[in-house]
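Report on the following structure.
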Amino acid sequence: MSEWVRRHLDRWSTLDERMPVDVLPASNGEFLPPPATEKQHRVMALQDETAEEMRHRLGMSRRTFVRSASAIGVGFWAINQVYGGKWGRYVAGAGIGDPGPIGDSACALEFPEAQLNNLPGEFIFDVQTHHVDSGGTWRVNNPGIHAAFMALWSQSGPLGGEPHVGKDGHIYGFGSGGEVDPIENLSRYHYLKTIFLDSSTNMTVLSCVPSEESQQPLPTPEAHDSVNIINHLAGDTPRSVMHAFVMPNRGSYGIQPYAKSQRPIYQQAEFDLMEQHTRQFKDVLRGWKVYTPWGDVPYASGWFLDDEIGMAFIDQVRKMTKIGGPPVIACHKGFALPAFDHRAASPRDIGPAARQNHDINFVVYHSGFDSEKQTAYAGDSKVNSADRGVDCFIKSLRENHWDASRFVPHGLEHGNVPNVYAEIGSTMASVLGDPDQAAHLLGKLIKHVGPRRIAWGTDSLWFGSPQPIIAGLRSLQLTAKACEFYNLPHGLDGDAWDPRVNALAAGSYKHPHAHVAHWPTDHKAHPERTIRNHIFGRNAAVVYRVDPDAARKRIHCDAVQRMRDAYLLNPATPKETRPFATNRMPAGRTPEQVLANTWPNAPFTP
């Protein structure tokens, strides 16, 4: 581990001086970012000005200050100042038991939500994380994807990307990737540092991007190696599991109905590969990742979970469970680049597929989100499930009689869809800068999918360190108006089994609920039972077969934790040799950049 640290030190003199909370639009490469709003620019300017005031008052360099908990607190304070917050607001001390609002003065701000150590009851399980195989053959036989990685994510640019230029024109420092080979900055080494050392994340699911196996930037065997290396470096504690990518429409030639006797040319090859991966990697293989809008023919060869391609795939997933394969389908829904088959990015098939296949769990990646502004659910008569968006995902469940309201246990007021999980990777990051949107996103997913059916994801490594997003969920509080509207009297601090109970208040469990599984009888506070902490990882732990408390116990003193503590908590560690957080936002910023670099010859204009 010490050799790994020396290999990837961030040199103090070249560290970036950006603020850590970045609310400007950014893309993971799967969608076109909208233009920045005037309010977003105001948030960035306000936190920048306040940071300068605070660091001078504290006698700190900017480079030091932007890596402090106070800097993250300043970011969320600035969001509150600009947006006000009628439905949601960021609060210092939220989820700890003694919340207090962030006041008008940021200069006295303490922000415990920014700390890297886990808060009480917290187990952070990020089910959407990525890196690339920096030495893979895809760099030769898939040059388009190779060029896109180098162009879309500035951290993979030459010597770490573009410099940060201040308002005074001064260059404060270059990106801290610093690899001679730019793609190395998206490698497993930076994956381990950015996610496990620079954030509070405890475990991850290493996922993949849409591409057939021979051109995959992270082939399944390489992903398996990464998971094993990560877990081994952590002292053989469970730090990571993985998906395997499946393309059941490979060889399809466009939009058409398929008969059972007429399948995509390479579908059987994909199914054979599923069996091979199950037999080889079932120790850490926990789900099958699919992109329904992705196909061999741009714009035209997507598929649905409830069409002939989808049903054949689900049958194959079921067959694989007999030899140890996971009964979990992680399906991309929502975000759609122009060359995607947009109709197949719709979540309209989630409802029927989930209702017809009770034995399969469906993790809906991005929750169908497609950059739309988040408000309360618009209502069944105003939503078309064939469109894209979180409301369309909800409508798909409701029109198939498979939403949470159908599964409310006797005596309770909130239910959970049996086999559907709403994943919020990229989605939470997209609404982070507006606490009202964040409150509506979580409120309606809790109401219509269930408080125990929201899965945490961030889409890192593409967005850099997930710590600001983690701090955002830790500190988000629903206002009284939102609590009443969504029937959540204690907001995200309510008990995930019965939100009417405040899980952070001692004595809340004095009346046993015989109908609620594992109901506490000790009259103590139980932060591990809050909706917030279930979103962070305890929900996904069920479907990905992880015991969060056992994992937390082993992680508490493993090698990764000791390494993080050594450079974060030991004041004797020289700043020149600490592998500090990069504070980079490597994602693409404009539609022009995404389109030009991903499909430079595509027949469309932004």
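The values are calculated or read from the model by the stated rules, or taken from the named source; none is laboratory data. Just so it is clear, the model here is predicted, and its values are computed rather than measured. Here Cβ is always computed from backbone atoms with ideal geometry, including for glycine, and neighbour counts include all displayed protein chains.
Suppose we filter the range 323-351 for residues that are among the basic types (K, R) and either out of contact with any strand residue (DSSP E or B) (no Cβ under 6 Å at 6 or more places or on another chain) or surrounded by fewer than 23 Cβ atoms within 10 Å (Cβ to Cβ) (or both); how many remain?
Adding up the residues that qualify gives 2.
Can you tell me how many residues in the range 503-521 are surrounded by fewer than 18 Cβ atoms within 10 Å (Cβ to Cβ) and under 25 Å from N202 (Cβ atoms)?
Qualifying residue count for the region: 2.
Exactly one condition in (1) under 21 Å from W87 (Cβ atoms); (2) touching a Phe, Trp or Tyr at 6+ places or on another chain (Cβ under 7 Å) is not met by P451; state its number.
(2)
Which one is surrounded by the fewest Cβ atoms within 10 Å (Cβ to Cβ), of the residues in the range 291-322 that are β-branched (V, I, T) and touching a Phe, Trp or Tyr at 6+ places or on another chain (Cβ under 7 Å)?
V297
Can we say G251 is in a loop (DSSP other than H, G, I, E, B), within 25 Å of the chain's Cα centre (by Cα) and small (G, A, S)?
When the stated conditions are applied, G251 does not pass them.
What number of residues within the range 200-240 are small (G, A, S) and assigned to a helix (DSSP H, G or I)?
Here the count works out to 3.
Yes or no: the range 336-351 includes at least one residue that is in contact with a Ser or Thr (Cβ under 8 Å, 6 or more places away or on another chain), under 30 Å from H232 (Cβ atoms) and not hydrophobic (A, V, I, L, M, F, W, C).
no
So is P25 surrounded by fewer than 20 Cβ atoms within 10 Å (Cβ to Cβ), within 22 Å of the chain's Cα centre (by Cα) and either assigned to a loop (DSSP other than H, G, I, E, B) or among the basic types (K, R) (or both) or not?
When the stated conditions are applied, P25 does not pass them.
If a residue has to be of a type in the set (A, V, I, L, M, F, W, C), closer than 15 Å to R474 by Cα and part of a loop (DSSP other than H, G, I, E, B) to count, how many in the range 425-461 make the cut?
Residues in the range 425-461 being of a type in the set (A, V, I, L, M, F, W, C), closer than 15 Å to R474 by Cα and part of a loop (DSSP other than H, G, I, E, B): 2 in total.
Which ranges mark the helices (runs of 4 or more DSSP H) fully within the range 298-412 that have 1 or more residues being over 20 Å from M274 (Cβ atoms) and in contact with a Cys (Cβ under 9 Å, 6 or more places away or on another chain)?
In the range 298-412, the matching helices (runs of 4 or more DSSP H) lie at 350-356.
Assigned to a loop (DSSP other than H, G, I, E, B), of a type in the set (S, T, Y) and crowded, with 18+ Cβ neighbours inside 10 Å - does that describe any residue in the range 264-287?
The answer is yes, given that some residue of the range 264-287 is assigned to a loop (DSSP other than H, G, I, E, B), of a type in the set (S, T, Y) and crowded, with 18+ Cβ neighbours inside 10 Å.
List the number of the failed condition for R452; all other conditions in (1) charged (D, E, K, R); (2) within 30 Å of M19 (Cβ to Cβ); (3) touching a helix residue (DSSP H, G or I) at 6+ places or on another chain (Cβ under 6 Å) hold.
(2)
Can you tell me which residues in the range 453-480 are without any contact (Cβ under 8 Å) to a residue 60 or more places away in the chain and over 15 Å from I79 (Cα atoms)?
The answer is A480, and nothing else.
Can you spot a residue in the range 448-464 that is more than 15 Å from E413 (Cβ to Cβ) and surrounded by fewer than 24 Cβ atoms within 10 Å (Cβ to Cβ)?
no
One residue is enough: does the range 522-541 have a residue meeting the conditions small (G, A, S) and not in a helix (DSSP H, G or I)?
Scanning the range 522-541, I find at least one residue that is small (G, A, S) and not in a helix (DSSP H, G or I), so the answer is yes.
This table checks each residue for (1) at pLDDT 95 or above; (2) closer than 19 Å to Y486 by Cβ; (3) of a type outside the set (S, T, N, Q).
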residue: Q356; (1), (2), (3): yes, no, no
residue: N361; (1), (2), (3): yes, no, no
residue: D387; (1), (2), (3): yes, no, yes
residue: H414; (1), (2), (3): yes, yes, yes
residue: N419; (1), (2), (3): yes, no, no
residue: I424; (1), (2), (3): yes, yes, yes
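Among the residues of the range 356-396, what is the count of those that are of a type in the set (S, T, N, Q), surrounded by fewer than 24 Cβ atoms within 10 Å (Cβ to Cβ) and without any contact (Cβ under 8 Å) to a residue 60 or more places away in the chain?
3
For the range 481-499, indicate whether the set of residues that are within 23 Å of V431 (Cα to Cα), touching a His at 6+ places or on another chain (Cβ under 8 Å) and either part of a loop (DSSP other than H, G, I, E, B) or among the basic types (K, R) (or both) is non-empty.
yes
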